[in-house]
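Visitor: Below is the structure I would like to discuss, written out as structure tokens.
The values are calculated or read from the model by the stated rules, or taken from the named source; none is laboratory data. Source: prediction; values computed, not measured. Here the Cβ is made from the backbone with ideal geometry for all residues, glycine too, and neighbour counts use every protein chain on show.
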Amino acid sequence: MIDRLLAKVFGTQHERDIKKLLPRVERINALEASTKALSDDALRAKTEEFRARIAKALDGVHDEDLKAARQAILDEILEEAFAVVREASVRTLGMRPFDVQLIGGMVLHSGKISEMKTGEGKTLVATMPVYLNALTGRGVHVVTVNDYLARRDADWMGKIYRFLGLTVGCIQNNLLDDERQKAYAADVTYGTNNEFGFDYLRDNMKFELESMVQRGHVYAIVDEVDSILIDEARTPLIISGPSEENTEIYYRCNRVIPHLVKGTEEKDKYGNKVTTGDYLVDEKSRTAVLTEEGVAKAEKFLGIGNMYDLKNIDLLHGVEQALRAHALYRKDVDYMIKDGQVLIVDEFTGRVLPGRRWSDGLHQAVEAKENVKIERENQTLATITLQNYFRLYEKLAGMTGTADTEAAEFHQIYKLDVVVVPTNMPMIRDDHQDVVYASEREKYDAVADEIAQLREKGQPVLVGTVSIEKSERLSDLLKKRKVPHVVLNAKFHEKEAEIVAQAGRSSAVTIATNMAGRGTDIVLGGNAEALAVHELRDAKDSAEYDSRLSELREVCLQDRQRVLSAGGLHIIGTERHESRRVDNQLRGRSGRQGDPGSSRFYLSLEDDLMRIFGSDRLQNIMRRLGMEEGVPIEHGMVTRSIERAQKQVEARNFETRKHLLEYDDVMNRQREEIYGMRREILRGEQARDHVLMLTETILDYILGRHVNDEKAADEWDLAACDLDLQEYFGLRPGSLDHTGKTRDEIREQIWKVLLEIYDRKEGLLGAEMMRTHEKFVMLQVVDQQWKDHLLAIDHLKEGIGLRGYGQRDPLIEYKKESFELFTLMKERIEDQIVQYLFKLQPVAREEAEAAEARERRAPVAMPSRRSAANVNYSYGAAASGGQDAKVETIQRHAPKVGRNDPCPCGSGKKYKKCHGAAAAGA
Ligand code: ADP
Ligand code: MG
């Protein structure tokens, strides 16, 4: 039998979606009796039985068919599994999932968004698809909006999972890596979007595969999916740190160069090549390298032993770049100094390229040479948008009370379809028309009066505001009227949840910003369990607790009658939000599970939304209708106008997010490539082969430049060739005699020597240490270059607008240039890997220390969220602000953007001309 409400069939798409699922609901219901008959042990044994069936179905399936096969076998098991979870829920939590909840669960399993109103029990809904999908043993993630909810839901629903033999983990902000690893290893993992995202980024900064905490992205269910994938999606996740570069090193290395003498390559009287001086320069190929004497001098001036020790890698690099800065880069030709900044001059056009920097420490070296301040910034170490993080999952699903208005965006960006699941009980909340006042003052006075009145008659009131400041304002007015009330501002999730849980008691007045207390159920008459826990927190399992709980249950039940006769929970909105969805969330706090309730929004012509987006037409209507002091206007036309304004803002915000995503997509491919490269290095397979392959490539490149087969032998530039060989492999110029040899003979001779050098190193270290050495060097290079690239990309984004592209599309320019930068970076990675492996002298112990030091430095990284939008309403940021004040690594801030600053969306336009135009007013 299906619940009565569900059996009615309508004609919309959503209803057709639902109708298709009804036969499955029937079948799950049909399994109820037999499932009930099972003992606890027999019920639990179902888990093993399902696992065995899955294993059997997947046995021998080819990798490429695995995904489909998995989905097929899970679909086959679905009905039985849901019946099992339903029964486990009855036995552990005393709740029997309603038919609509089964439907919601099936929607989630199919990788869609289940829109279910507040209070419909979405927390419980998730357990069914979570259980089913966790049976494959690959880890299911449940994403919540804050740490408190992650903890609450993992504890609460954990009873069901554990009863059925699954393990549950919960990620919290203050967890250490090994605790995280354990939580991710569980069958089910609860946590916030930030934690999941940052763990992904941090994992890709690790130095050992074993220290990574996540084990893949298989299936995620995102609770309050609109908050996370839409509201929060305007700010990317960023791990940043002070550019760890010790700028002092550049000045220090810079001081060495003036002591060095430029030399030449000459032949001595026996015809052998010798070098004079401390360094050699080849203008044509723009190389500059130290001679042996130069190295010795540099070591002396720096006061270090061997410059080619691994521990001196930064100094070596610094000296090399300082040398280039002095020997190859000329002021007013290659660069200019303006306002204490080094500006690059485009070698082809002669124009200055503002905002651009040379990479790999060269810019800093030139800054040191010119004795200007070395730009040291908080640099991005890793970044990803939430959009791209959640796209990593093989299957994604979401649930919320308000998704339908954003269905198009969910579909376009995440390929998530929205299915609207009917409520368990008919909704009888009474949503009144908006009332509009001429001024904010009149509006707030009216709101305060209304609250005082409703309180008199015992009705609970929940007031939503758009900011903490406005909450305070209203609070002051209520204090004057001596109306007791509480104010929540989404800072202390746990405490606020406790308060919101009692917002349904008679005469309760609760003022809250949008996100405050989200996820907490408001029961009319109050929540007896929460009250009992509050009173007797430390004696939860005592008899005292039980008797107090039943007393409180009685109290709440009586109070419920009072509230019901007063009309249920009344919602007051004090301003329309930028999106209709957020207004609907507020309204949705009332009228749960068939409760009575009502809602009304109070607006004024001075509200931001009305001022900025309300059309002149609206103002005219208002004037025509006449506005008297203190008398509001209530008119359908006004409400419609406001909705139009909201739709406009929604569309604009969607554009911002799309824009952010378009830019991040470029970065995303690069990130995936680099992260893939890192993982390969960490796996450590065929490192030697890889290095030798790179060595050959570079050797052929050098020969191609100087010892070109197409030229006659006497046109070969053997001196330049020697210089390159020194630069890349540390071969002493003149140490090989190329005279009279063909190109192939020359190549063979060099290759043999290179192999000898490499083998000698390996012989000295032993194969195992050599592999470790290779791994460290490669990681060091990749990380350094990637960081450098991220910095370059930041500058590119800033600079691309400053350069003024005329009619050209900045996104296309950005794509082109970032691709070029990336290609160059990859070349540098290859070059440096080879150079360092040939030139550096590995010392086992120091290496271990260096690695350790880096690990220690890593936590300095500051995960944060950078604002990428103009939006000035901040509940998103306020909502997830560090709940635990001790832990300061996670920092999300939305810095205010100046009107003349470049727009953070990356368009390159000034903010006021781009996304700031909205704020500037119509
Ligand atoms: P939502 O997230 O959809 O707003 P919650 O998951 O917070 O709703 O649940 C709201 C309340 O409904 C909770 O107090 C929960 O105990 C209760 N609830 C959920 N499902 C059931 C059920 N099948 N039977 C009884 N109570 C339920
Ligand atoms: Mg919820």
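Visitor: Tell me which residues, restricted to the stretch 33-44, are surrounded by fewer than 15 Cβ atoms within 10 Å (Cβ to Cβ) and part of a helix (DSSP H, G or I).
Guide: Residues satisfying the conditions are ALA33, SER34, LYS36, ASP40, ASP41, ALA42.
Visitor: Still on this structure, I have one more. Filter the stretch 519-567 down to residues that are farther than 16 Å from LYS495 by Cα and away from ligand 1 (no atom under 16 Å from the Cβ), then give me how many there are.
Guide: 24
Visitor: Take the stretch 107-129 and flag every residue that is in a loop (DSSP other than H, G, I, E, B) and either of a type outside the set (Lys, Arg) or within 12 Å of ligand 1 (Cβ to nearest atom) (or both). Outline the logic, then answer.
Guide: The initial filter retains those residues of the stretch 107-129 that are in a loop (DSSP other than H, G, I, E, B), namely 110-112, 116-121.
Correct list: SER110, GLY111, MET116, LYS117, THR118, GLY119, GLU120, GLY121.
Visitor: Run down LEU488, LEU564, LEU605, LEU569 and say which single residue is of a type in the set (A, V, I, L, M, F, W, C) and more than 30 Å from GLU442 (Cβ to Cβ).
Guide: Just one listed residue meets the conditions, LEU564.
Visitor: From the set of residues in the stretch 193-231 that are within 16 Å of ligand 1 (Cβ to nearest atom) and outside any loop (DSSP other than H, G, I, E, B), which is surrounded by the most Cβ atoms within 10 Å (Cβ to Cβ)?
Guide: Ranking the candidates gives ILE221 first.
Visitor: Any idea how many residues of the stretch 297-327 are of a type in the set (Gly, Ala, Ser), over 41 Å from the mean Cα position of the chain (by Cα), farther than 19 Å from PHE838 by Cβ and part of a helix (DSSP H, G or I)?
Guide: Initial filter on the stretch 297-327 (of a type in the set (Gly, Ala, Ser)): 298, 303, 305, 318, 322, 325, 327.
Within this subset, residues satisfying the condition of being over 41 Å from the mean Cα position of the chain (by Cα) are 298, 303, 305, 327.
Checking which are farther than 19 Å from PHE838 by Cβ leaves us with 303, 305, 327.
Imposing the further condition that a residue be part of a helix (DSSP H, G or I) reduces the set to 327.
Total meeting the criteria: 1.
Visitor: If you scan the stretch 497-515, which residues turn out to be surrounded by 24 or more Cβ atoms within 10 Å (Cβ to Cβ), without any contact (Cβ under 8 Å) to a residue 60 or more places away in the chain and under 30 Å from the mean Cα position of the chain (by Cα)?
Guide: Residues satisfying the conditions are VAL500, ALA512.
Visitor: While we're looking at this one, here's another question. Can you tell me which residue within the stretch 148-167, out of those that are away from ligand 2 (no atom under 12 Å from the Cβ), out of contact with any helix residue (DSSP H, G or I) (no Cβ under 7 Å at 6 or more places or on another chain) and among the charged types (D, E, K, R), is farthest from LYS122 (Cα to Cα)?
Guide: Ranking the qualifying residues of the stretch 148-167, first place goes to ARG162.
Visitor: Same structure, new question: Given VAL372, VAL418, VAL435, which one is more than 17 Å from TYR602 (Cβ to Cβ), out of contact with any helix residue (DSSP H, G or I) (no Cβ under 7 Å at 6 or more places or on another chain) and in contact (Cβ under 8 Å) with a residue 24 or more places away in the chain?
Guide: Result of the check over VAL372, VAL418, VAL435: VAL372.
Visitor: Which of the residues spanning the stretch 52-106 are small (Gly, Ala, Ser), outside any helix (DSSP H, G or I) and farther than 30 Å from GLN593 by Cβ?
Guide: To start, the set of residues in the stretch 52-106 that are small (Gly, Ala, Ser) comprises 52, 55, 57, 60, 68-69, 72, 81, 83, 88-89, 94, 104-105.
When the remaining residues are screened for being outside any helix (DSSP H, G or I), the result is 60, 94.
Selection gives GLY60 alone.
Visitor: Something else: Filter the stretch 676-699 down to the residues that are in contact (Cβ under 8 Å) with a residue 60 or more places away in the chain, surrounded by fewer than 19 Cβ atoms within 10 Å (Cβ to Cβ) and not aliphatic (A, V, I, L, M) and list them by number.
Guide: If the condition is that a residue be in contact (Cβ under 8 Å) with a residue 60 or more places away in the chain, surrounded by fewer than 19 Cβ atoms within 10 Å (Cβ to Cβ) and not aliphatic (A, V, I, L, M), then ARG679, ARG683, GLY684, ARG688, THR697 are the ones that fit.
Visitor: Also, quick follow-up: What's the number of the condition VAL463 fails, among (1) at pLDDT below 95; (2) in contact with a helix residue (DSSP H, G or I) (Cβ under 7 Å, 6 or more places away or on another chain); (3) hydrophobic (A, V, I, L, M, F, W, C)?
Guide: For VAL463, the failing item is (1).
Visitor: Looking only at the stretch 120-155, filter to residues that are more than 20 Å from VAL225 (Cα to Cα) and not acidic (Asp, Glu); which one of those is surrounded by the fewest Cβ atoms within 10 Å (Cβ to Cβ)?
Guide: Going through the qualifying residues, I end up with GLY137.
Visitor: Then there's this: For the stretch 652-687, which residues satisfy the criterion of being touching a Phe, Trp or Tyr at 6+ places or on another chain (Cβ under 8 Å) and closer than 30 Å to ARG760 by Cα?
Guide: LEU682
Visitor: Please specify each residue of the stretch 549-580 satisfying the condition of being surrounded by fewer than 22 Cβ atoms within 10 Å (Cβ to Cβ) and among the small types (Gly, Ala, Ser).
Guide: Scanning the stretch 549-580 gives SER550, SER565, ALA566, GLY567.
Visitor: Next question. Has the stretch 85-105 got any residue that is at pLDDT 95 or above and within 28 Å of the chain's Cα centre (by Cα)?
Guide: yes
Visitor: What are the residues in the stretch 90-126 that are away from ligand 2 (no atom under 16 Å from the Cβ) and in contact (Cβ under 8 Å) with a residue 60 or more places away in the chain, if any?
Guide: The answer is ARG91, THR92, ASP99, LEU102, ILE103, MET106, HIS109, SER110, GLY111, LYS112.
Visitor: I would also like to ask the following. May I ask you to verify whether ALA134 is out of contact with any helix residue (DSSP H, G or I) (no Cβ under 7 Å at 6 or more places or on another chain) and either within 15 Å of ligand 2 (Cβ to nearest atom) or modelled with pLDDT under 95 (or both)?
Guide: When the stated conditions are applied, ALA134 does not pass them.
Visitor: While we're looking at this one, here's another question. Whether any residue in the stretch 338-359 is of a type in the set (A, V, I, L, M, F, W, C), surrounded by fewer than 20 Cβ atoms within 10 Å (Cβ to Cβ) and under 24 Å from the mean Cα position of the chain (by Cα) is what I want to check.
Guide: The answer is no; no qualifying residue exists.
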